[in-house]
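To start, the structure under review is shown below, and the notes come after it.
Where a number appears in this text, it was derived from the coordinates with a stated rule and is not lab data. If you're wondering where the values come from, they're calculated on a predicted model, not measured in any experiment. Because the Cβ atoms are built from the backbone with ideal geometry, glycine has one as well, and the counts that use them run over all protein chains shown.
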Amino acid sequence: MYSLQSTAILNTGTAMPLLGLGVYQIPSGQPTIQAVLWALEAGYRHIDTASFYGNEADVGVAIRSSGIPRSEIFVTTKLWPTDYFRAEAACRSSLRKLGFDYLDLYLLHWASPIGKRQAWAALERLYRAGTCRAIGVSNFTTTQIDALSKSSSVVPAVNQVEFSPFRFQKALLDGCQTKGIQLEAYSPLTRGKRLFDPRITAIAESYGKSNAQVLIRWSLQHGLVVIPKSSSQKRIVENANVFDFVLSDADMANLDALDENYRALFK
Ligand SMILES: NC(=O)c1ccc[n+]([C@@H]2O[C@H](COP(=O)([O-])OP(=O)(O)OC[C@H]3O[C@@H](n4cnc5c(N)ncnc54)[C@H](OP(=O)(O)O)[C@@H]3O)[C@@H](O)[C@H]2O)c1
């Protein structure tokens, strides 16, 4: 975990940059194009989008206009549950919008009650065909991952879940690590809702870092891949400046203790 270029090696052998830019709720068009370009300029090589976000095409435009080879940028997109019975067509649609011929990572967006087994079988075919370099899940519990594994042969490479000190999913982290599944933190900044909790501010001040940098660093030190979202150039740069300090064991424990099973996504 030394720099913005540091990667996690997935169970597929694929290298996934530890820090990425999330683009949920960045409006499509120029705002997304600009945010992705700022991130690439700052050294990010990992972008997280989804068909549901409505901005895959803008991510593709930004990557092409950056001049950086496609092969040097890790791009995730996600399959929305209403597409679980037509996953291959939905994947082709995402690829068309992005303007790519492969995805680095394709995720089942939610563990919806129906269709996820069929959708996973389709993702396995896309993985075997090389269309998706890695496939994974999002918002899955270990029980749901175990259920999926019973009818499949490919272990998800990644599980993307809400993860912050206020939602420290330790059992899920341990379970995924045991299965060789990379846990990935979404809403790592609590969508801003708990970011300025005075207990975070006290720790941040002691390192001369910002609250956001402390939360991102906490997830990284727990071994997660982290995808903070920002549409501001200043904050995109700030969020990547997390490789020049180390949270002490005591501060990691203090942050762990903030867990209250908080759900920023639905607040
Ligand atoms: N798989 C899923 O179901 C799922 C669900 C939610 C999110 N995600 C992914 O995870 C990504 C990140 O999660 P998120 O967007 O929910 O929330 P987040 O990254 O926790 O927080 C984003 C919010 O924090 C603000 N912010 C960013 N950097 C900041 C900084 N340095 N200082 C102060 N405020 C800052 C942003 O405002 P500005 O833009 O104004 O900077 C925005 O309001 C998403 O974009 C998406 O790619 C996935």
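7 Å from Cα along Cα→Cβ at both R117 and Y102: what's the point-to-point distance in nm?
3.1
For the chain, calculate the relative contact order in percent as a whole number, restricting contacts to Cα pairs under 8 Å that are 6 or more residues apart.
Contact order relative to length: 20 percent.
Quick one: net charge around Y262, please, counting Lys, Arg +1 and Asp, Glu -1 for every other residue with C-beta under 13 Å from its C-beta.
Numbers: positive: R167, R191, K193, R194, R263, K267; negative: E162, D197, D259, E260.
Around Y262, the charge tally is +2.
Sequence-distant or interchain residues sharing an amide H contact under 5 Å with L79, placed H: which?
Here L107, L108, H109 satisfy the definition.
Where in the range 161-267 are there chymotrypsin sites (Phe, Trp or Tyr not before Pro) that are in a DSSP coil and have at most 14 other Cβ atoms within 10 angstrom of their Cβ? Can you show the working numbers first?
Values: sites: F163, F166, F168, Y186, F196, Y207, W218, F243, F245, Y262, F266; in loops: F163, F166, F168, F196, F243, F245, Y262, F266.
Hits after loop and neighbour filter: F196, F245, F266.
State the extension gain, in nm to one decimal, for the chain segment bounded by Q5 and Y207, taking 0.36 nm per residue of separation less the distance between their alpha-carbons.
Numbers: separation 202, 0.36 × 202 = 72.72 nm, distance 2.27 nm.
70.5 nm is the gain from fully extending Q5 to Y207.
Select from A50, A204, A253 the residue whose mean-square fluctuation is largest in a Gaussian network model of the chain (Cα-Cα springs shorter than 10 Å).
Looking only at A50, A204, A253, the largest GNM fluctuation is found for A253.
So who's got an amide H within less than 5 Å of the one on L21, skipping anything under 5 residues away but keeping other chains? H placed 1.01 Å off N, in plane.
H46, I47, D48
What nm value, rounded to one decimal, do you get for the distance between I68 and D249 when each label is placed 7 Å out toward the C-beta?
Taking the two extended label points, one gets 3.6 nm.
Give, as a single signed number, the net charge of other residues whose beta carbon lies under 12 Å from the beta carbon of A121, with Lys and Arg counted +1 and Asp and Glu -1. Please list the in-between numbers first.
Working: positive: K116, R117, R125, R128; negative: E88, E124.
Counting the neighbours of A121, the net charge comes to +2.
Connecting C-alpha atoms closer than 10 Å in a GNM of the chain, tell me which of A122, A202, A87 has the biggest fluctuation.
A202
Which value in nm describes the separation of the simple spin-label points at D197 and R128, placed 7 Å from the Cα toward the beta carbon?
Calculated label separation equals 4.5 nm.
In whole Å, how far is the Cα centre of the range 124-184 from that of the range 217-233?
18
Helix 87-98 versus the longest principal axis of the chain: what angle, 0 to 90°, nearest 10, using Cα atoms?
The helix 87-98 is inclined about 60 degrees to the chain.
Mind checking the range 1-105 for chymotrypsin sites (Phe, Trp or Tyr not before Pro) that DSSP puts in a loop (not H, G, I, E or B) and that have at most 12 other Cβ atoms within 10 Å?
Loop-located and lightly packed - Y2.
Out of Y44, Y84, F266, whose Cα points farthest toward the positive end of the dipole of the chain (charges: +1 Lys, Arg; -1 Asp, Glu; placed on Cβ)?
So the residue furthest toward the plus end is Y84.
Could you grab the relative contact order for the range 199-267? Cα pairs under 8 Å, six or more apart, rounded to a whole percent.
RCO, the range 199-267: 31 percent.
Taking only Cα atoms, what is the 0 to 90° angle, nearest 10, from helix 116-128's long axis to the longest principal axis of the chain?
With rounding to tens, the tilt is 80 degrees.
Report, ordered by chain and residue number, the lysines lying within cross-link reach of K209, taken as a straight Cα distance under 17 Å and ignoring same-chain residues fewer than 8 apart.
K234
Looking only at the chain, where both bridge partners belong to it, what percent of the DSSP beta bridges are antiparallel (to the nearest 5)? Don't jump to the answer; show the numbers that get you there.
Values: 4 of 28 bridges.
Looking only at bridges with both residues in the chain, the antiparallel portion is about 15 percent.
Pairs of alpha-carbon atoms within less than 8 angstrom and 6+ residues apart define the contacts here; what relative contact order does the range 142-196 have, in percent?
40
Let me make sure I get this right: for the chain, a, b and c are the square roots of the gyration tensor eigenvalues over alpha carbons, sorted descending. Under 1.5 in a/c it's rounded, otherwise prolate if a/b > b/c, else oblate. Which is it?
Oblate shape, in that a/c is at least 1.5 and b/c is the bigger or equal ratio.
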